[in-house]
Amino acid sequence: MRTGTITRADCEALDRTDPLASMRKHFTLPADLVYLDGNSLGALPRAARAHVGRMIDDDWGQGLVRSWMTAGWYELPRTLGDRLAPLLGTGPGQVVVGDSTSVNVFKAVTAALRLRPDRDVVVSDHANFPSDLYAVESAASPHHAEVRPLIDPDRLDLDERVAAVVMGHVDYRTGAMRDMAAVTERVHRHGALMIWDVCHSAGAMPLHLASCDVDFAIGCTYKYLNGGPGAPAFLYAAPRFHQTAEPSPQGWFGHADPFAFDTRYTPAPSVSRFLVGTPPLLAYAALEGSLEVWERTDLGTVREKSVAQTSLFIDLVEERCGDRLELVTPRDPSVRGSQVSYRHPAAPALVEALGERGVIADARRPDILRFGFAPLYVTYADVWRAAETLATVAGRHDRA
């Protein structure tokens, strides 16, 4: 961005040359609202309504139970996984969609502990979303494994007891992004397995799970991927574990032959062994609508716009707010996700005031304001308006 005052006209000019400008029409957004909370819940894809309606009216309403086979319901955890795979940098048959992020963390940790039976420590990133920490503790307890907190991701102290490391790719509070390839290589050098949480990076940038030699990765589909509230999560497992991993819990969708109704569990000889119970099909339908949008989108272009918008926002806020807000997100875009976070003692009040003026962001108590940039539908003019509004509410709060 050029030096000097950045104007609304400058931002509108960027919108006119934006290669992703045409993607905004694929989403339903309230008029005159700036939505910078797509890192919590993505906007509604217009195609989702049609997919859900078709599943209700045709597949369920007319096909009834026959739709498990005639409409492909039974295969959806795998077919949706294959459609997600290009966004994650993996291949067909390596990703399944189902359950929640927390449940998938539990599966990955139990699988890792059984794959490293001579080790009894799981290193858990304590900057990660708390639900991940709860799931790690729950998975480690039956194995009498110790959960060792990782306080500083830049100081990864490992030893021969560590079975697995669980880390968030992008810090949900600060937006700081970790080096996936370098961290994974270091963990493998110590004989441990690497489990990545990519909730805050999937759909915001190209991922390279396979080329980074990641063992397991989990993520949600309701943030940047726009799958809808309560949308199912996904789990990636490297092919080398498809015949040997023993995740828990076990359920009939992970069985080698679910419709044999065998009372003894035999895991599927594929990534399907990471499935558990009957999938939430209406939620799958909404995700199908979102994937239609993603299949016509280039993630490299998404990342370029994300970097441009987050950098623009930082510049604008500095121009208008000075030192009233403390930037906690890295300035270097190579280690920044698709969000910008600031520290202010009245963060929740500022977020509420922003919302009253038509700018939706969020706060993480006690003092973090988060602004998430979803490049498919956030415009540069939105970025300008958000910064202007933030300067207004921050100034009024300081004068109060």
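Here is a list: Arg296, Arg324. Which entry is over 24 Å from Leu44 (Cα atoms), open to solvent by 10 Å² or more (accessible area, probe 1.4 Å) and not β-branched (Val, Ile, Thr)?
Just one listed residue meets the conditions, Arg324.
Taking interchain pairs and intrachain pairs at least six residues apart, which have beta carbon atoms under 6 angstrom, with the first residue in region 108-130 and surrounded by 24 or more Cβ atoms within 10 Å (Cβ to Cβ) and the second aromatic (Phe, Trp, Tyr)?
Ala108/Phe216
Please name all residue pairs, on different chains or six or more residues apart, with Cβ atoms under 6 Å, provided the first residue is in region 174-201 and is free of Cβ contacts under 8 Å to residues at least 60 places away in the same chain and the second residue is buried (at least 21 other Cβ atoms within 10 Å of the Cβ) and part of a strand (DSSP E or B).
From residues that are free of Cβ contacts under 8 Å to residues at least 60 places away in the same chain, the pairs are Thr184/Met194; Val187/Val165; Val187/Met194; Met194/Val165; Trp196/Ala217.
Please go through region 362-400 and give me each residue that is open to solvent by 10 Å² or more (accessible area, probe 1.4 Å), within 21 Å of Asn226 (Cβ to Cβ) and touching a strand residue (DSSP E or B) at 6+ places or on another chain (Cβ under 7 Å), ordered by number.
Asp362, Asp382
What are the residues in region 61-73 that are open to solvent by 40 Å² or more (accessible area, probe 1.4 Å) and either assigned to a loop (DSSP other than H, G, I, E, B) or touching a residue at least 60 places away in the same chain (Cβ under 8 Å) (or both), if any?
Ala71
Please work out which one of (1) open to solvent by 10 Å² or more (accessible area, probe 1.4 Å); (2) closer than 21 Å to Trp73 by Cβ; (3) of a type in the set (Ser, Thr, Tyr) is the condition Thr301 fails and give its number.
Here Thr301 clears every test but (2).
Of everything in region 177-204, what is touching a Leu at 6+ places or on another chain (Cβ under 7 Å), under 20 Å from Arg336 (Cβ atoms) and either among the polar types (S, T, N, Q) or open to solvent by 30 Å² or more (accessible area, probe 1.4 Å) (or both)? Give them in sequence order.
Residue satisfying the conditions is Ser201 alone.
Within the bounds of region 240-250, is there any residue that is within 23 Å of Arg114 (Cα to Cα) and surrounded by 24 or more Cβ atoms within 10 Å (Cβ to Cβ)? Don't jump to the end; show me each part of the working.
So in region 240-250, the residues within 23 Å of Arg114 (Cα to Cα) come out as 240-250.
So of that shortlist, the ones also surrounded by 24 or more Cβ atoms within 10 Å (Cβ to Cβ) come out as 247.
There is at least one residue in region 240-250 that is within 23 Å of Arg114 (Cα to Cα) and surrounded by 24 or more Cβ atoms within 10 Å (Cβ to Cβ).
Can you find, within region 266-293, the residue that is farthest from Glu75 (Cα to Cα) among those that are surrounded by fewer than 23 Cβ atoms within 10 Å (Cβ to Cβ) and among the charged types (D, E, K, R)?
Ranking the candidates gives Glu292 first.
Find the residue count for region 340-360, including only residues that are of a type in the set (A, V, I, L, M, F, W, C), open to solvent by less than 10 Å² (accessible area, probe 1.4 Å) and in contact with a Lys or Arg (Cβ under 9 Å, 6 or more places away or on another chain). Don't jump to the end; show me each part of the working.
First, pick out the residues of region 340-360 that are of a type in the set (A, V, I, L, M, F, W, C): 340, 346-347, 349-351, 353-354, 359-360.
Now narrow it down to the ones that are open to solvent by less than 10 Å² (accessible area, probe 1.4 Å): 340, 347, 350, 354, 359.
Of the ones still in play, those that are also in contact with a Lys or Arg (Cβ under 9 Å, 6 or more places away or on another chain) are 340, 347, 359.
Counting residues in region 340-360 that are of a type in the set (A, V, I, L, M, F, W, C), open to solvent by less than 10 Å² (accessible area, probe 1.4 Å) and in contact with a Lys or Arg (Cβ under 9 Å, 6 or more places away or on another chain) gives 3.
Filter region 222-239 down to the residues that are among the hydroxyl-bearing types (Ser, Thr, Tyr) and over 15 Å from Pro92 (Cβ atoms), then identify the one that is most open to solvent (accessible area, probe 1.4 Å).
Just the residues of region 222-239 that are among the hydroxyl-bearing types (Ser, Thr, Tyr), to begin with: 222, 224, 236.
After this cut, where a residue has to be over 15 Å from Pro92 (Cβ atoms) as well, the list is 222, 224.
Working: Tyr222: 70, Tyr224: 9 Å².
Within region 222-239, the match that is most open to solvent (accessible area, probe 1.4 Å) is Tyr222.
Being within 22 Å of the chain's Cα centre (by Cα) and either among the acidic types (Asp, Glu) or over 24 Å from Asp171 (Cα atoms) (or both) is the filter here; which residues of region 348-378 pass it?
Asp362, the sole residue that qualifies.
Against the definition (under 21 Å from Tyr134 (Cα atoms), touching a strand residue (DSSP E or B) at 6+ places or on another chain (Cβ under 9 Å), assigned to a loop (DSSP other than H, G, I, E, B) and open to solvent by 10 Å² or more (accessible area, probe 1.4 Å)), how does Thr174 come out, yes or no?
Working: under 21 Å from Tyr134 (Cα atoms): yes; touching a strand residue (DSSP E or B) at 6+ places or on another chain (Cβ under 9 Å): yes; assigned to a loop (DSSP other than H, G, I, E, B): yes; open to solvent by 10 Å² or more (accessible area, probe 1.4 Å): yes.
For Thr174, the condition - under 21 Å from Tyr134 (Cα atoms), touching a strand residue (DSSP E or B) at 6+ places or on another chain (Cβ under 9 Å), assigned to a loop (DSSP other than H, G, I, E, B) and open to solvent by 10 Å² or more (accessible area, probe 1.4 Å) - is met.
Identify, from the list Arg24, Arg83, the residue that is under 18 Å from Pro375 (Cβ atoms), touching a residue at least 24 places away in the same chain (Cβ under 8 Å) and either out of contact with any Gly (no Cβ under 8 Å at 6 or more places or on another chain) or open to solvent by less than 40 Å² (accessible area, probe 1.4 Å) (or both).
Values: Arg83 fails: under 18 Å from Pro375 (Cβ atoms).
None of the others qualify; the one that does is Arg24.
Looking at Ala135, Ala139, Ala163, can you tell me which residue is surrounded by 23 or more Cβ atoms within 10 Å (Cβ to Cβ) and within 22 Å of Glu185 (Cβ to Cβ)?
Matching residue, one of Ala135, Ala139, Ala163: Ala163.
Just give me the residues in region 210-221 being of a type outside the set (Asp, Glu) and surrounded by fewer than 24 Cβ atoms within 10 Å (Cβ to Cβ), in sequence order. Give the steps one after another, and end with the answer.
As a first pass, look at region 210-221 and keep what is of a type outside the set (Asp, Glu): 210-212, 214, 216-221.
Within region 210-221, Ala210, Ser211, Cys212 qualify.
The values are calculated or read from the model by the stated rules, or taken from the named source; none is laboratory data. Note that the coordinates shown come from a computational prediction; the quantities given were computed from them, not determined experimentally. For neighbour counting, all protein chains shown are included, and Cβ atoms are generated from backbone atoms with ideal geometry for every residue, glycine included. Heavy atoms of the whole protein, side chains included, go into the accessibility calculation; ligands, DNA and RNA do not. Shrake-Rupley method; radii C 1.70, N 1.55, O 1.52, S 1.80 Å.
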